[in-house]
Amino acid sequence: MAQAAATAVVPVEIVGWPTRFVGGDGGTRRLFEEPLVPGATVRSILRGLSGRFPDLEAALWHDGALGEHIEVLVNDAVLGIQHELDSPLAAGDRIALLAQFMGGR
């Protein structure tokens, strides 16, 4: 009996207070493995994940664009440096969602 080929995934790690949008406590990390389908982009992976978590969807997306309170990293680089929302993803790529901290004195 032949073994089925392993399905490629894109790990999506959520760190800090955004974990409360995906069933976490807001102070730790949650890791999800999203299927890497042909043509997958940063946007499609984030849409797939946030589509299962309405609170994450509301926090992450504003009028169809990314909001400003959650930082998106692809392979440890802030979105916009080496990848854009519509950049294709490949095996080995990973995404992180980090709490963006703002403030002043």
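When the helix-only estimate is applied to the chain (DSSP H runs of n ≥ 4, each -39,500 (n - 2.57), divided by the residue count), what is the mean residue ellipticity at 222 nm, nearest 500 deg cm²/dmol?
When only DSSP H runs of four or more count, the value is -4500 deg cm²/dmol.
Report ³J(HN,Hα) in whole Hz for each residue of the stretch 60-68, in order, from the Karplus equation J = 6.51 cos²θ - 1.76 cosθ + 1.60 where θ = phi - 60°; Gly and Pro get x.
With the stated coefficients, the stretch 60-68 comes to 7, 10, 10, 6, x, 10, 5, x, 9 Hz.
Determine Rg/Rh for the chain; Rg is computed over alpha-carbon atoms and Rh is the Kirkwood hydrodynamic estimate from the same atoms.
Numbers: Rg = 14.4 Å, Rh = 14.4 Å.
Rg divided by Rh gives 1.00.
Evaluate the relative contact order of the stretch 9-99 (contact order divided by residue number), counting alpha-carbon pairs under 8 angstrom at least 6 apart; express in whole percent. Let's see the in-between values first.
Values: 157 pairs, mean separation 33.5, N = 91.
Computed value for the stretch 9-99: 37 percent relative contact order.
Here, each number is a calculation from the coordinates, and none is a lab measurement. What you see is a predicted model; the values in this text were computed from it and never measured.
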